Amino acid sequence: MSNYLVDTFGLEGKVALVAGASSGIGAQFAKALAKAGAKVVLGARRVDRIEALAASIADETGSKTLAVALDVTDRKSVVAAFDKAEEAFGTVTVVCNNAGIAIPNWSLEESEDDWDKTMNTNLKGMWHVAQESGKRMVAAGVGGSIINTASILGLGVGGMQTSYATSKAGVLHMTRSMATELQRFGIRVNAICPGYFKTEINDEFLETELGQNMLKRSPARRAGRLEELEAPMLMLASDAASFVTGVALPVDGAHSVTLP
Ligand code: NAI
């Protein structure tokens, strides 16, 4: 009985990779995966940050960690990161595909450059990571779990976020499509749709009157706490969710189901 939760949700012996692990949700996910027993590869562009984070997570949890340079917009960088991960720990079977950016803009004023940057990171970048990890699991003959960090803005829209919301809606359809195709290989592909969590991506906005009012109008009347994303992610990562795939899971205090 006492090992029930560990046996059900534990990740002992698994190799996990977090893309966009240098801050916010990705850093939280890396720590949660390590606490659940996985060996964790932290990938991001800011290598100094992830090296320090990888060392502190290893100290705190006793799990093995590795920091690898990763730019999700660059296919070669994605391949190199998975090579390093495999060399150190073996095939990655849990992937938190989490790198993302937001460039708030009115739709009629958004530059082509900002549109491309958003799509290249949030949609094409997630595709790079999902495809590369899927190919490697299939080649190794192992199943696994890919968890794409989408957003409630992939389910509905908000002001000043046309490219961001479009990219996240694309992530949701990519999730569904890949889940369908990869089911036969035992690879599950799901999306987590966070509501508002204060991180580097939105801390300035959430401090504004507009941001504060938006939170006050939401059912929970507050932003989420990063630790509130851990259990939903771990459920999707673990074998407990063996029949859960193609899902978009909001973690948002019912923000996405209410009218403004
Ligand atoms: P954050 O800015 O703290 O983290 C974003 C991470 O992605 C950072 O580690 C950043 O370095 C990394 N990243 C950006 N471009 C990259 C690239 N080209 N290659 C590799 N890594 C790259 O913000 P947060 O909130 O932790 O964002 C994580 C994910 O969660 C993003 O996909 C974001 O869209 C999503 N999200 C966040 C919400 C929030 O309220 N914070 C709500 C819904 C979704």
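Counting the residues of region 62-84 that are under 18 Å from the mean Cα position of the chain (by Cα) and more than 14 Å from the ligand (Cβ to nearest atom) gives 2.
Taking the conditions exactly as written (at pLDDT 95 or above and closer than 18 Å to Val95 by Cβ), does Ile201 satisfy them or not?
Working: at pLDDT 95 or above: yes; closer than 18 Å to Val95 by Cβ: no.
Spelling it out, it is not the case that Ile201 is at pLDDT 95 or above and closer than 18 Å to Val95 by Cβ.
At least 1 residues being of a type outside the set (D, E, K, R) and open to solvent by 20 Å² or more (accessible area, probe 1.4 Å) is the threshold, and among the strands (runs of 3 or more DSSP E) wholly inside region 1-91 those reaching it are 65-69. Here Ile146, Ile187, Ile201, Ile192 are screened, and the one residue that is closer than 28 Å to Arg49 by Cα, touching a residue at least 24 places away in the same chain (Cβ under 8 Å) and more than 12 Å from the ligand (Cβ to nearest atom) is Ile146.
The values are calculated or read from the model by the stated rules, or taken from the named source; none is laboratory data. Everything numeric in this text was worked out from a predicted model, so none of it was measured. In this analysis, Cβ positions are derived from the backbone assuming ideal geometry, glycine residues included, and neighbour counts consider all displayed protein chains. Side chains included, ligands, DNA and RNA excluded: accessible areas come from the protein's heavy atoms. Shrake-Rupley method; radii C 1.70, N 1.55, O 1.52, S 1.80 Å.
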